[in-house]
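Notes to accompany the following structure.
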Amino acid sequence: MDPAASDVPHRTSETALERLSSIRGTIDNIDAALIHLLAERFKATQRVGRLKAENDLPPSDPEREKAQIQRLRSLAEAAHLDPEFAEKFLNFIISEVIRHHEAISEDHHRGQDA
C-alpha cells in the first residue's frame, strides 16, 4: 500500500498500515464473495420466476416474503448484525426479484399471445 496515496497520516506506523491493508484485503474478499452469492441467488430466483410464469402464479408471494424477512431478522440478531439493516437489505433484494418476475411473466405471456 502506498502511504502517499492514502488519507492516513504519514506518521502512522508501518505496522498499522500493514494491518490496515490486510483488513481491507479481507473486506475485498468478502465483497467479492457477496457478489458471487448474489449472482447465484438471482439465478435461482430467475428459475422461480420462469416456473411461476409457466404456471400462472403471481410474481409476488407476500406471505413468503414476510416469513423470509422474519427469518433473516432472526439470523441477523444471532450474527450480531443490525436486524433493521438486514431487513432493508432483504427488502431491496425482494423488490428486485419481484421486478424480474414481473418481466419474466410479461415476456412469457407475450410469447403465448404471439
Residue that is surrounded by the most Cβ atoms within 10 Å (Cβ to Cβ) [pool: residues in the range 53-70 that are in contact with a helix residue (DSSP H, G or I) (Cβ under 8 Å, 6 or more places away or on another chain) and under 15 Å from D107 (Cα atoms)]: A53
Search result, residues across the range 82-112 that are in contact with a Pro (Cβ under 9 Å, 6 or more places away or on another chain), free of Cβ contacts under 8 Å to residues at least 40 places away in the same chain and among the β-branched types (V, I, T): I98
Any hit, the range 73-81, residues being of a type outside the set (G, A, S) and in contact with a Pro (Cβ under 8 Å, 6 or more places away or on another chain): yes
Set R73, R41, R50: member being in a helix (DSSP H, G or I), basic (K, R), more than 30 Å from H108 (Cβ to Cβ) and at pLDDT 95 or above: R73
Selection from the range 60-70 of residues that are of a type outside the set (D, E, K, R), within 16 Å of V48 (Cβ to Cβ) and part of a helix (DSSP H, G or I): P62, A67, Q68
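Residues are listed down the side, and each one gets a yes or a no for (1) under 15 Å from R99 (Cβ atoms); (2) over 12 Å from the mean Cα position of the chain (by Cα); (3) among the aliphatic types (A, V, I, L, M):
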| site | (1), (2), (3) |
| --- | --- |
| S22 | no, yes, no |
| G25 | no, yes, no |
| D28 | no, yes, no |
| D31 | no, no, no |
| A44 | no, yes, yes |
| R47 | no, yes, no |
| E54 | no, yes, no |
| S60 | yes, yes, no |
Leading residue by the ranking (surrounded by the fewest Cβ atoms within 10 Å (Cβ to Cβ)) among those in the range 76-114 that are part of a loop (DSSP other than H, G, I, E, B) and of a type outside the set (A, V, I, L, M, F, W, C): H80
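The values are calculated or read from the model by the stated rules, or taken from the named source; none is laboratory data. Since the structure is predicted, the reported quantities are computational estimates derived from the model, not experimental observations. Note that each Cβ is placed from the backbone with ideal geometry, even for glycine, and that neighbours are counted across all protein chains shown.
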